[in-house]
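Computed from the coordinates by the stated procedures, all read-outs in this text should not be read as laboratory data. What you are looking at is a predicted structure, and each value in this text was computed from that prediction instead of being measured. For neighbour counting, all protein chains shown are included, and Cβ atoms are generated from backbone atoms with ideal geometry for every residue, glycine included.
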Amino acid sequence: MSKSACPSPHTPQHGSNGSVLDGQVLVLNQTYEPLNVTTVRRALRLVTKHKAEVLEKNGAIIHSPAITLEAPSVVRMLYRVKRPLPELKLTRRSVFARDGHKCQYCGRSDIPLTIDHVVPRCRKGATSWSNVVASCIRCNNVKGDRLPKEAGMKLRKTPRRPRYTPYISLPTFLSAQRAGRWGEYLDPWMKCDL
Ligand SMILES: [Zn+2]
């Protein structure tokens, strides 16, 4: 298959069994805030129950004996879903997602990554958003129990806690955003340069 064709941001995303109904749909709150990623099947249920409207279609056609319709890619709730903001958990996955799956010292993404404590734990460095970064195992070994400065290494960015807490998990949000999926709906919510 040719890879030269530029996929549309609303390219059908099929589930593992290849069914259009298992494709992914971005659900926005009435306020347009990204709320959830669900399946085409569940999104259509929201639409047929008049709980949500379709904002974007993904181009895939759903055939059933009674009806033929296009699968949605983005739906918006017709009422405001009130939900407490989730807690932004500091996990390996979230740190790797924040750091773009790149070593924060050498920038490489083709070497297995690990978590580096900028101020090493043995020197009372905290496990916090501002003290952990993605690091390739090579840089992590070179740095050892030293501060970056002592090891002659430099961080590409100052690590910090993401300013925006998405309802969708941070890795899902960032990977969809970086892949250009639902970009126009996700970008406005990215208030900091991750
Ligand atoms: Zn590295």
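Among Val81, Val54, Val132, determine the one that fluctuates most according to a GNM of the chain built with springs between C-alpha atoms less than 10 Å apart. Comparing Val81, Val54, Val132 in the GNM, the peak value goes to Val81.
Taking every pair of alpha-carbon atoms in the stretch 92-143, give the share separated by more than 12 Å as a whole percent. Percentage above 12 Å: 57. Extents of the chain, taken as max minus min of Cα coordinates on every principal axis and listed largest first, are 69, 44, 25 Å. Short-range pairs are left out: with C-alpha atoms under 8 Å and at least six residues apart, the relative contact order of the chain is 19 percent. Of Glu150, Glu184, Glu70, the residue with the greatest mean-square motion in the GNM of the chain, using alpha carbon springs below 10 Å, is Glu150. Here Lys57 is the anchor, and the lysines within straight C-alpha reach of less than 22 Å, apart from those fewer than 8 places off in the same chain, are Lys49. Distance between the modelled labels on Thr127 and Leu78, one decimal in nanometres: 4.7 nm (7 Å Cα→Cβ projection). Among Leu170, Leu113, Leu55, the largest mean-square fluctuation in a Gaussian network model of the chain (Cα springs under 10 Å) belongs to Leu55. Under the combined filter of DSSP loop state and at most 15 neighbouring Cβ atoms within 10 Å, the stretch 82-151 retains these trypsin sites (Lys or Arg not before Pro): Lys82, Lys89, Arg108, Lys124, Arg146, Lys149.
The calculated FRET efficiency for Asp110 paired with Gln30, based on their beta-carbon distance and R0 = 30 Å, is about 0.10.
Taken one residue at a time, the phi angles of the stretch 23-37 give Karplus couplings (6.51, -1.76, 1.60, θ = phi - 60°) of x, 8, 10, 7, 9, 9, 6, 4, 7, 6, 6, x, 10, 6, 10 Hz. Gly and Pro are set to x. Using the Karplus relation 6.51 cos²θ - 1.76 cosθ + 1.60 with θ = phi - 60°, the per-residue 3J(HN,Hα) values for the stretch 159-174 come to x, 7, 6, x, 6, 9, 9, x, 5, 5, 4, 4, x, 5, 4, 5 Hz, with x marking Gly and Pro. Residues of the stretch 27-71 with the amide nitrogen closer than 16 Å to a label point 7 Å from the Cα of Tyr164, along Cα-to-Cβ, please. What the label zone holds, given the 16 Å backbone N cut-off, is 27-37. Here's the picture: a label point sits 7 Å out from the Cα of Ser175 along the beta-carbon direction, and within the stretch 97-141 the residues with their amide nitrogen under 14 Å of it are 97-102. Counting every C-alpha pair in the stretch 10-86, the share spaced more than 16 angstrom apart comes to 46%.
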